[in-house]
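Read through the structure below, which is laid out as structure tokens, and then see the notes.
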Amino acid sequence: MRKASTVDILHAIPPRDGAKGRIFEIDFLRGVDIVLMVLIHLVFAWGTQSSGFFSWESAAPQPEWVHDMRALFDTVGSLILGGSLYFLEFFFSGLFVFLSGISCSFSRSNGRRAAELGIIALGLTYVVEGANFLFRIGAHIYLGILHVIALSLAIYALVDRFFPDWRVTFGVAIFLVFLTGITEWLRIETGSQNVNLGDPAQWKNLWLCILGIRRTGSDYFSTTRLSAILFLGATVGKLAYKDRKSRLPASFPTAWGKPIAFLGRHTLLIYCAHIPVIYALLAVLMLLSGYTLNI
């Protein structure tokens, strides 16, 4: 049996079924999700950080495309952050974690995967802190989606090690759903306060952030909420994919979706690389357009 690689962390170990290979619908949905997430991050990055990273020192008018990108963010960003499209934030992250739950039901090395992903997530925190120090972007990621998936996966690995039955997995999922409701109620009742985990004096409040009673950083996710979704995904994986075979009929055409499915097989690499790539492209365009970099 082959050793799991790092890129397997957020997707299934290739479930072999003769010549069929991977499960198409899981890879495809994961690919769609990562593409949409990259597009949203593109709008956010180009619409907000262009004013923080760069300065316009010329007396001439700023390029029209910069105004267009900021206008697009003002429209789309406002709808997602606090408007009618706010549900998309939950949909993208929820689908991502749900599919990860299905994937982890195929594996017996989830403890190692959790540790590997935790190291990657910690590295991401330091990279963002470095960018904040150099460019003053004002971003901090302490409990982002990778951190929380690592924690959720560690919890799942522990439970599944001793109680692999799907009924236990589903029971834990229901418990976590109720726990999420309680912690969300406590957060609202006590006030939605942010904790600065960059200050060692605030580390005592880490458990409140993990439970979802307090928030921290710029890209925060509740561990209880995402753990509930991951356990629900694992339940579906144990029931619907216990034979590690696609649920689509053999006659279902898949060639049209292979490019998206390919992206779905490399979600972790895309997730880690897309932000630097977006900002690198942004920097090239801004500098070529006459802006100067704020360092």
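What distance in nm separates the simple spin-label points at Trp185 and Leu293, each placed 7 Å from Cα in the Cβ direction?
Taking the two extended label points, one gets 5.2 nm.
Report, ordered by chain and residue number, the aspartates and glutamates lying within cross-link reach of Lys245, taken as a straight Cα distance under 20 Å and ignoring same-chain residues fewer than 8 apart.
Asp8, Asp17, Glu25, Asp27, Asp165
Under the rule of -39500 (n - 2.57) per DSSP H run of 4 or more residues, summed and divided by the residues of the chain, what mean residue ellipticity at 222 nm is obtained, to the nearest 500 deg cm²/dmol?
-21000 deg cm²/dmol
Sticking with the crude label model, points 7 Å out along Cα→Cβ, report the distance from Asp74 to Val127 in nm, one decimal please.
Those two pseudo-labels are separated by 3.2 nm.
Output the peptides 123-131, 92-100 sorted from most to least packed, where packing is the average of other Cβ atoms within 10 Å over each peptide's residues.
Packing order, densest peptide first, comes out as 92-100, 123-131.
Sorted by mean Cβ packing within 10 Å, highest first, what order do the peptides 31-39, 274-282, 185-193 take?
So the order, starting with the most tightly packed, is 31-39, 274-282, 185-193.
With springs only between Cα atoms under 10 Å apart, run a GNM on the chain and tell me which of Leu117, Leu158, Leu268 wobbles the most.
Checking each option, the largest mean-square fluctuation is seen for Leu158.
On average, how much accessible surface per residue is there in the chain, in Å², for a 1.4 Å probe, leaving out ligands, DNA and RNA?
On a per-residue basis, 52 Å².
Could you check how much of the accessible area of the chain is carbon and sulfur, as a whole percent, using a 1.4 Å probe?
Result for the chain: 68 percent of the exposed heavy-atom area is carbon or sulfur.
The values are calculated or read from the model by the stated rules, or taken from the named source; none is laboratory data. Note that this is a predicted model, so its numbers are computed, not measured. Note that each Cβ is placed from the backbone with ideal geometry, even for glycine, and that neighbours are counted across all protein chains shown. Areas reflect the complete protein model, heavy atoms only, side chains present, ligands, DNA and RNA absent. Shrake-Rupley method; radii C 1.70, N 1.55, O 1.52, S 1.80 Å.
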